[in-house]
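Beneath this line is the structure, given in structure tokens, with notes to follow.
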Amino acid sequence: MTGRVKTMTMEELLAQLATPRLPMQLTRENAVLLLIDMQRLALSEFLVWEAAEKGIDPAVAGAACAEYDARFDSCNKQGQKLLEAFRERDMTPIHVRIESYAKDARDTGPSHVRVGYKFPPGCGWSDFIEEVKPLPGEIVLSKTCSGAVVGSSLDKVLRNLKTRYVIAAGYYTDQCVETTIRDLHDLGYDVTLVTDATATATQKRYEATMATCVGVYCRGMTTGQVLGELEKIR
């Protein structure tokens, strides 16, 4: 009598074929905290303003954003913890924002023009969220497209800093964050996405990035896990 042939799902097969990532070996000099687009334009107040501009009742739009607000508020607090931990250790944070260089935003990339993301300097929407505002002297990079690698001098800055590890957080998970992570991975950086310090418009879209990006283009760690790694630095 022949034995029954063992079967497995595609997910089980891929899990067994996956190559484990080596543990991080963080130092003060080889790691940066990358905070992506943690600005007022990522908050629900911008969505409500956009809705009003298109004739949608602000009260209705605001009510639709209740769950969004809860997720983003939580992420802002996690981002603040990470930023404080890096500052306490005299490690480098890099703040990336969506903002044009020209006062009329004519330098905005076509993909952002198409969706109305034109933010000239000083417009207010490009201001950083209070919990994660940069201090004087911290690195701030501006972009007018989705990815921070294509849209700014991020790669040059990281290379000049001799960066090996990039700890990434911010908004939107499935857009600017994912694009940036994929590019950094292909350039050879060891990238960690802080899974509870990033969010996007819907939980479904967030989970899609977790499924397709984490474990392939980056490792996924919670804020608590990253803080635990930072505690090892002496």
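Assorted remarks:
- Dipole moment magnitude, nearest 20 debye, segment 83-129 about Cα centre, only Lys, Arg, Asp, Glu C-beta charged: 240
- In percent, rounded to a whole number, the relative contact order of segment 165-234 is 36, using alpha-carbon pairs under 8 Å and six or more apart.
- If the chain linking VAL150 and LYS232 were pulled fully straight, counting 0.36 nm for each residue of separation and taking away their Cα-Cα distance, it would gain 26.2 nm.
- Debye, to nearest 20: dipole size of segment 152-197, +1 on Lys, Arg Cβ, -1 on Asp, Glu Cβ: 320
- The angle separating the long axis of helix 66-88 from the principal Cα axis of greatest extent in the chain is about 80 degrees.
- Dipole-positive endmost among GLY137, TYR165, THR180 within the chain (Cβ charges, Cα centre): TYR165
- Accessible surface of the chain, 1.4 Å probe, proportion on carbon and sulfur as whole %: 55
- Given charges at beta-carbon only (K, R positive; D, E negative), |dipole| of the chain in Debye: 720
- Unit charges at the beta carbon, dipole of the chain: most positive-side option, ALA148, ALA105, GLN80: ALA148
- Electrostatic bookkeeping for SER100 treats Lys and Arg as +1 and Asp and Glu as -1; over the other residues with beta carbon under 11 Å from its beta carbon, the sum is +2.
- Full extension of the chain between VAL216 and GLU67 gives 50.8 nm of extra length, using 0.36 nm per residue less the Cα-Cα distance.
- Segment 90-125 and segment 174-201: distance between their alpha carbon centers, rounded to Å: 19
- Per residue, in Å², the accessible surface of segment 26-71 once ligands and nucleic acids are set aside, probe 1.4 Å: 47
- Once both labels are positioned 7 Å from their Cα atoms along Cα-to-Cβ, the gap between ASP186 and LEU22 label points is 2.4 nm.
- Pairs from the table (LYS103/LYS143; LYS81/LYS133; LYS81/LYS162) lying more than 19 angstrom apart at Cα are LYS81/LYS162.
- Relative contact order of the chain, pairs being alpha-carbon contacts under 8 Å that are 6 or more residues apart, as %: 24
- Extended-chain gain in nm, criterion 0.36 nm per residue less alpha-carbon gap, ASP57 and VAL115: 18.8 nm
- Neighbour cut-off at most 16 other Cβ (10 Å), DSSP loop, trypsin sites (Lys or Arg not before Pro), segment 95-134: LYS103, ARG106
- Put simply, when 81-87, 8-14 are sorted by average Cβ atoms within 10 angstrom per residue, most first, you get 81-87, 8-14.
- Nearest 10 degrees, 0 to 90: helix 44-53 Cα axis against the chain principal axis: 50
- Ranked by how many other beta carbons lie within 10 Å on average, peptides 185-192, 72-79, 167-174 from highest: 167-174, 72-79, 185-192
- The antiparallel fraction among DSSP beta bridges confined to the chain stands at about 5%.
The values are calculated or read from the model by the stated rules, or taken from the named source; none is laboratory data. This is a predicted model, so every value here is computed, not measured. Positions of Cβ are backbone-derived with ideal geometry, glycine not excepted, and every protein chain shown enters the neighbour counts. When the accessible area is computed, the model is the full protein with side chains, heavy atoms only, and any ligands, DNA or RNA have been set aside. Shrake-Rupley method; radii C 1.70, N 1.55, O 1.52, S 1.80 Å.
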